[in-house]
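Okay, so here's the structure we're looking at.
The values are calculated or read from the model by the stated rules, or taken from the named source; none is laboratory data. Here the structure is a predicted model, which means the values were calculated and not measured. Cβ placement follows ideal geometry from the backbone for every residue including glycine, while neighbour counts extend to all protein chains displayed.
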Amino acid sequence: MNDFALHDLKCFDAVIRTGSFQAAAALLNRSHPAVFAAVARLEIQAGLNLLDRGGYRVKLSEAGRSFHERMQPLLREAEGLRHYAAQLAMGEESDLHVVLGDLCPRPAVLGLLARFFAQCPHTRLHLHFETVGGPIERLRAGDADLMFHRVDPADPLLEWVALCKVRLIPVASRELLPPSLLRKMRPERLRDYTQCVMRDSARAPRDENFLVIEGAPQITVADQVMKKDVILQGLAWGHLPDFLIEEEMRNGALRSLAGRYLPGHTETVVAARSSGRAHGPVAQRLWAFLQANTPLDPSLS
């Protein structure tokens, strides 16, 4: 048995979808005899009667129905390959790498990405999740095309689009800290209590203690969701992004420790990319899409 020709498979598929050889020929811009010959050749190569020619209209035989169903993934793969080749010929990227940082409001940002990449089915999105200094490290190393995280707004090597403001609130469960401590909350009074902090995913972490109480015992976690779980169980206190704890703050499962001496911290989360790097057509369209669809926070408009 010889290998099936893609042309013959497409002719057979067109006959089934249109219901006749004449309509299939018009659809494929081929002659009627060429389409008829392609289907006949496919039947000889398969050793099967793929069509039931006993009626007025062309119909599938039982074997033909099974064969037609089985060949659909191959036709879809061939069509995808054709689009992929066309994309490469136009210089469009086949892959884009995007990093989401730990301060990023994931549902909103993932929704934006889903809307954009639905229009670019032949560019594969690679999502990476990093914490603290990990996102900017990936971007600067050229391992990512785009980053969603906080940045130094004075960094001349970056360009960015503001998405939203995120407030990091110091919180604890009701069971962890005595009420007397809350009335005169100062950072030094928390040294006897375990603080939950984020692990820096950067390969070369910077020597900085972001919102960390020096000298306090610590529990280190890999992401904000795990940090929230640890704090909810009364194992530690810590700073959590406001969007992640709205319900727990309302129902009293968590209480804010914020005050004059422990105010918390507000960060602007942005979409950022390297300013000195050439960006491909898809990356440029994504950037324009983000500019048109942000900020997520109306206060940044």
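Of note:
- Looking across the stretch 22-44, the residues that are over 44 Å from the mean Cα position of the chain (by Cα) and part of a helix (DSSP H, G or I) come down to 22, 32, 33, 34, 36, 37, 40, 41, 43, 44.
- Each residue in the stretch 21-46 was checked for being surrounded by fewer than 17 Cβ atoms within 10 Å (Cβ to Cβ), under 19 Å from residue 72 (Cα atoms) and not aliphatic (A, V, I, L, M), and 1 pass.
- Residue satisfying condition, being at pLDDT 85 or above, under 23 Å from residue 263 (Cβ atoms) and of a type outside the set (Ser, Thr, Tyr), within set 138, 167: 167
- Considering residues of the stretch 255-265 that are touching a Lys or Arg at 6+ places or on another chain (Cβ under 8 Å) and buried (at least 16 other Cβ atoms within 10 Å of the Cβ) only, the residue modelled with the lowest pLDDT: 262
- Meets criteria (more than 20 Å from residue 288 (Cβ to Cβ), loosely packed, with under 13 Cβ neighbours inside 10 Å and either of a type in the set (S, T, N, Q) or at pLDDT below 85 (or both)) for residue 54: yes
- Hits in the stretch 249-301 - residues which are assigned to a loop (DSSP other than H, G, I, E, B) and polar (S, T, N, Q): 275, 294, 301
- All positions within the stretch 266-286 that are without any contact (Cβ under 8 Å) to a residue 40 or more places away in the chain and surrounded by 16 or more Cβ atoms within 10 Å (Cβ to Cβ): none
- Residue list for the stretch 188-210, filter: in contact with a strand residue (DSSP E or B) (Cβ under 9 Å, 6 or more places away or on another chain) and either among the hydrophobic types (A, V, I, L, M, F, W, C) or modelled with pLDDT under 85 (or both): 190, 196, 197, 198, 209, 210
- From the list 231, 213, the lone residue that is among the aliphatic types (A, V, I, L, M), at pLDDT 95 or above and surrounded by 14 or more Cβ atoms within 10 Å (Cβ to Cβ) is 231.
- Exactly one residue out of 3, 52 is acidic (Asp, Glu) and over 22 Å from residue 76 (Cα atoms), and it is 52.
- Residues within the stretch 223-271 that are closer than 18 Å to residue 200 by Cβ and touching a Leu at 6+ places or on another chain (Cβ under 9 Å), tallied: 11
- Screening the candidates 167, 150, 189 for the property of being under 17 Å from residue 264 (Cβ atoms) and free of Cβ contacts under 8 Å to residues at least 24 places away in the same chain yields one hit, 189.
- The stretch 139-164 - residue that is in contact with a Leu (Cβ under 7 Å, 6 or more places away or on another chain) and charged (D, E, K, R) and, of those, surrounded by the most Cβ atoms within 10 Å (Cβ to Cβ): 145
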